[in-house]
């Protein structure tokens, strides 16, 4: 069941990373690129994460089958954790590894 949370986290990370690469290809420095990527992506990530949390938490509370309730509550926690992790940790990694990303990506101007 955790594969759904992992899939959502990957989608969030792809969204931020793609917008970061576009900003870098436009010649922006790492701080501007990360700020723009996060600023334009955070709304989508929060809405998606909270919808996934609400759906799984609701099923977990409503379900009369203990195993399903426990799994849904686990997925609900995972949705919040993945959302927070991508919003807080990924931008830091993009800034730390900016030099490596710039050197290994063709579209980015050095």
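Brief remarks follow.
- Any hit, the stretch 3-13, residues being surrounded by 15 or more Cβ atoms within 10 Å (Cβ to Cβ), without any contact (Cβ under 8 Å) to a residue 24 or more places away in the chain and in a helix (DSSP H, G or I): no
- Flag if residue 46 is surrounded by 14 or more Cβ atoms within 10 Å (Cβ to Cβ), within 30 Å of residue 108 (Cα to Cα) and at pLDDT 90 or above: yes
- The listed residue being over 18 Å from the mean Cα position of the chain (by Cα), assigned to a helix (DSSP H, G or I), free of Cβ contacts under 8 Å to residues at least 12 places away in the same chain and surrounded by 14 or more Cβ atoms within 10 Å (Cβ to Cβ), out of 69, 99: 69
- Members of the stretch 27-38 found to be loosely packed, with under 13 Cβ neighbours inside 10 Å and at pLDDT 95 or above, listed by number: 31
The values are calculated or read from the model by the stated rules, or taken from the named source; none is laboratory data. Values in this document were obtained by computation on a predicted structure and should not be read as measured data. Here the Cβ is made from the backbone with ideal geometry for all residues, glycine too, and neighbour counts use every protein chain on show.
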